[in-house]
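Quick notes on the structure that follows.
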Amino acid sequence: MKFTIAGQSFDHPVVMGILNCTPDSFSDGGRYYAEDKAIAHAKQMLDDGAEIIDIGGESTRPGAVEVSIEEELQRTLAPIRAIKAELGCLISIDTRHHQVMTEAVAAGADLINDINALNEPGALEAAVKSGADVCLMHMQGQPETMQQAPQYTNITDEVVRYLKERKQVAMAAGIAEHKIFLDPGFGFGKSLDHNYQLLNHMEDLHQLNSPLLIGLSRKSMLGNLLNRPTSERLAGSLAGACIATMKGAAIIRVHDVRETVDAVRVTYKTMVTD
Ligand code: 7PM
C-alpha cells in the first residue's frame with residue numbers, strides 16, 4: 001500500500017471523515033455559527049484519526065434538492081478556509097461543478113471528489129488548472145433517477161471499463177496519474193445485489209493501477225439488507241470498511257471516524273504481519 005494525497009505519502013489505508021456543510025435545521029445561529037460547528041466536527045474527526053476531511057455542500061447527494069452554485073460556494077468556502085488555517089489537514093471537496101472546484105482548491109482543498117467523474121462541462125479543465133488531486137467515481141445515470149432501474153450485464157466489468165475511460169480522459173487532459181483516485185461508487189445507480197457483487201469483486205479494480213477510494217458508510221446497501229435506519233448502521237459500516245481494507249482500499253470515506261479507524265487498523269495490521 002503506497003500512494004500520495006497532494007504530495008503527502010501514505011503507506012496505510014487512510015480514513016476520510018465526511019463533513020456535511022449544510023444549514024443546520026436545529027439552529028438559527030446563521031453562517032458563522034454553522035462554520036464554528038463545522039470546524040469543531042472536523043477537529044473531532046482528526047482527533048479520532050481521520051487523515052482527510054471531505055467537505056460537501058450537499059448538491060452532489062443523490063435524492064437531495066439541487067442547490068445553486070452560489071449556495072454551494074457559500075456553504076463550503078468559509079469552512080475550507082477556516083479548517084485549512086486552523087487545522088492544516090488534507091481537505092477534499094465533494095462537488096460536480098467546475099466553479100466550486102476552482103474556488104474550493106483556491107481556498108485550500110487538496111482533492112476534488114466528483115461523483116460525476118469530471119463529466120460536467122468545464123469540470124475537466126477546472127480540475128487540470130487547479131493542480132489538485134481528483135477522485136473519479138462510477139455512477140449509472142444521474143442522482144435524481146439512478147435508483148429507479150439500474151441494469152448491468154456484468155457490473156464489475158462495466159465499472160472497470162468506465163473508470164478506465166475516465167482515467168484516460170483525465171490523463172489526456174493533463175492530470176498526472178499519481179493524482180488520480182478511482183471509486184466504484186457504491187449506491188450510485190446500483191441495486192442491492194449489484195452493490196454486493198461489486199464489493200465481492202472490488203479487487204478487480206486494481207488492474208486500473210490507481211489507489212481506490214471506497215464509500216460504504218451508512219449506505220442503503222447496508223440498511224436495506226439489515227433493515228436498519230441510518231442511525232443504526234455502524235456495525236454494517238464497519239464490516240464494509242474491513243472488507244474494503246482487506247481488498248486494498250487506499251481511502252475509506254466514513255461518518256463514524258473513531259470506530260472505523262480502530263477497525264481499519266486491526267484489519268491492516270493483520271494484512272501486513274507475516
Ligand atoms: C444520500 C445518498 C446521501 C447517498 C448521501 C449519499 C460517495 C461520495 C457520496 C462515495 C465518493 C453518502 C452518499 N458517496 N463520494 N459521496 N464516494 N467519492 O452516503 O461513495 O455519503 S454521498
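A few points about this structure:
- Segment 144-192: GluC sites (Glu not before Pro) in DSSP coil with no more than 14 other Cβ atoms inside 10 Å: Glu144
- For segment 90-119 versus segment 144-219, the inter-centroid distance based on Cα atoms is 18 Å.
- Close amide H contacts of Gly215 (hydrogens built in the peptide plane, cut-off under 5 Å, sequence separation of 5 or more or a different chain): Gly185, Phe186, Arg253.
- Calculated FRET efficiency for the pair Asn119/His206, C-beta based, R₀ 25 Å, to 0.05: 0.60
- Expected 222 nm ellipticity per residue - DSSP helices of 4 or more, -39500 (n - 2.57), all of the chain, to 500: -14000 deg cm²/dmol
- Reachable lysines from Lys164, criterion Cα separation under 30 angstrom, eight or more residues apart if same chain: Lys2, Lys129, Lys179, Lys190, Lys219, Lys247
- Accessible surface area normalised per residue over the chain is 46 Å², counting heavy atoms of protein chains with a 1.4 Å rolling probe.
- Share of alpha-carbon pairs per 10 Å distance bin for the chain, given as whole %: 7, 30, 39, 21, 2, 0
- Counting only DSSP beta bridges with both residues in the chain, the antiparallel share comes to about 10 percent.
- If the segment from Val169 to Gln142 were pulled out straight at 0.36 nm per residue, it would be longer than the present Cα-Cα gap by 7.7 nm.
- On the chain, 50 percent of the accessible area sits on carbon and sulfur atoms, based on a 1.4 Å probe.
- Applying 0.36 nm per residue to the separation of Tyr32 and Lys2 and subtracting their alpha-carbon distance, the gain on full extension is 6.9 nm.
- Taking label positions 7 Å along the Cα-Cβ direction at both Gln99 and Ser68, the computed distance is 0.8 nm, reported to one decimal.
- Taking Cα centre as origin and charging only the Cβ of basic (Lys, Arg, +1) and acidic (Asp, Glu, -1) residues, the dipole magnitude of the chain rounds to 400 debye.
- In percent, rounded to a whole number, the relative contact order of segment 92-139 is 42, using alpha-carbon pairs under 8 Å and six or more apart.
- Net +/- balance of residues flanking Asp114 in space, Cβ distance below 10 Å, scoring K and R +1, D and E -1: -1
The values are calculated or read from the model by the stated rules, or taken from the named source; none is laboratory data. Keep in mind that what you see is a predicted model, and the values were worked out from it rather than measured. Positions of Cβ are backbone-derived with ideal geometry, glycine not excepted, and every protein chain shown enters the neighbour counts. Surface areas here come from the heavy atoms of the whole protein model, side chains and all, with no ligands, DNA or RNA. Shrake-Rupley method; radii C 1.70, N 1.55, O 1.52, S 1.80 Å.
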